[in-house]
1. Quick one: in region 82-123, which of the residues that are within 21 Å of residue 247 (Cβ to Cβ) and surrounded by fewer than 19 Cβ atoms within 10 Å (Cβ to Cβ) is nearest to the chain's Cα centre (by Cα)?
2. How do the pairs read when you match residues in region 173-196 that are on the phi > 0 side of the Ramachandran plot with residues anywhere that are modelled with pLDDT of 95 or more and in a loop (DSSP other than H, G, I, E, B), using Cβ under 7 Å and keeping only pairs 6 or more apart or on different chains?
3. I'd like the full set of residues that are surrounded by fewer than 21 Cβ atoms within 10 Å (Cβ to Cβ) and more than 17 Å from residue 190 (Cα to Cα), limited to region 225-264.
4. Filter region 15-68 for residues that are touching a residue at least 40 places away in the same chain (Cβ under 8 Å) and not in a helix (DSSP H, G or I) and give the result.
5. Just to check your reading of the model, which residue among 150, 156, 144 is within 25 Å of residue 225 (Cα to Cα), in a loop (DSSP other than H, G, I, E, B), at pLDDT 95 or above and not assigned by TED's automatic domain parsing to the domain that holds residue 240?
6. Can residue 5 be described as touching a strand residue (DSSP E or B) at 6+ places or on another chain (Cβ under 9 Å), within 28 Å of residue 96 (Cβ to Cβ) and in a helix (DSSP H, G or I)?
7. Tally the residues that are part of a helix (DSSP H, G or I) and surrounded by fewer than 22 Cβ atoms within 10 Å (Cβ to Cβ), restricting the search to region 207-222.
8. I'm trying to understand the selection: among the residues of region 129-147, which are crowded, with 19+ Cβ neighbours inside 10 Å and within 9 Å of the chain's Cα centre (by Cα)?
């Protein structure tokens, strides 16, 4: 693989593009909004500068990485000749399905279609394409340039060759591939989100304040970040969406979002990105 398309220029999309460009791949970032593309390039440049300051790369590496990136406002034009398309749009199954239909129509037959979804079953996206064997999950962690894990999710019809290609590619960008089977929430969020939800219940019941709950998990369980602070960082709306997807997928009450989480999202308290969540920013 030499040419990669990333659909979606948000936090995850620009991080994925950054990593591939830094590792020598030609990258197409695709977003319908030019302002989002401009912001993505600015973010990538800022993060490359941060890597220079830390001695991870040099100035020439930065220049070369930025030269490998091309932006597009059209999926049809952006994926014509790519070997892999990674969808990194918002966590909404209807939006993702429409993107996958367009990718299937526009990309060359041998192109692998991957999704960065954190919870939506791969089979749902594969079924809207004519190449289900070439549809796979590549769940990167945030921030992408820093975090080593890529959760690779096999759909029911994902071929062994597709999985092998993505595992090899993940190693090539200096990430660690962990292969799992398809299910709502996969492994990472199936375990993480109920923990965050339970921490929100403990907070809502007045058992302790947010800082103490987080401190207990950091000092007692060796977590680098407490669950409530992590929820703020992920985005409380994203946490709620993932819990909703797992609740619907498993039809199990244990995945139902805590009423306080639902209320906070309704009130626009989404965490870091809105300036307030369980903490003020």
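The values are calculated or read from the model by the stated rules, or taken from the named source; none is laboratory data. Small disclaimer: the values here were computed from a predicted structure and weren't measured. Note that each Cβ is placed from the backbone with ideal geometry, even for glycine, and that neighbours are counted across all protein chains shown.
1. Going residue by residue through region 82-123, those that are within 21 Å of residue 247 (Cβ to Cβ) are 90-97, 115, 117-123.
Imposing the further condition that a residue be surrounded by fewer than 19 Cβ atoms within 10 Å (Cβ to Cβ) reduces the set to 90, 92-95, 97, 123.
Numbers: 90: 9, 92: 12, 93: 14, 94: 17, 95: 15, 97: 16, 123: 18 Å.
So, considering only residues that are within 21 Å of residue 247 (Cβ to Cβ) and surrounded by fewer than 19 Cβ atoms within 10 Å (Cβ to Cβ), the one nearest to the chain's Cα centre (by Cα) is 90.
2. Note: pairs meeting the criteria are 174/23.
3. Within region 225-264, 225, 233, 259, 260, 262, 263 qualify.
4. Within region 15-68, 23, 24, 25, 26, 27, 28, 29, 30, 31, 32, 33, 68 qualify.
5. Working: 150 fails: in a loop (DSSP other than H, G, I, E, B); 156 fails: within 25 Å of residue 225 (Cα to Cα).
144 is the lone residue from the list that is within 25 Å of residue 225 (Cα to Cα), in a loop (DSSP other than H, G, I, E, B), at pLDDT 95 or above and not assigned by TED's automatic domain parsing to the domain that holds residue 240.
6. Numbers: touching a strand residue (DSSP E or B) at 6+ places or on another chain (Cβ under 9 Å): yes; within 28 Å of residue 96 (Cβ to Cβ): yes; in a helix (DSSP H, G or I): no.
It is false that residue 5 is touching a strand residue (DSSP E or B) at 6+ places or on another chain (Cβ under 9 Å), within 28 Å of residue 96 (Cβ to Cβ) and in a helix (DSSP H, G or I).
7. From region 207-222, those part of a helix (DSSP H, G or I) are 210-221; that's our starting set.
So of that shortlist, the ones also surrounded by fewer than 22 Cβ atoms within 10 Å (Cβ to Cβ) come out as 210-213, 215-221.
Final tally of qualifying residues: 11.
8. Matches in region 129-147: 138, 139, 140, 144.
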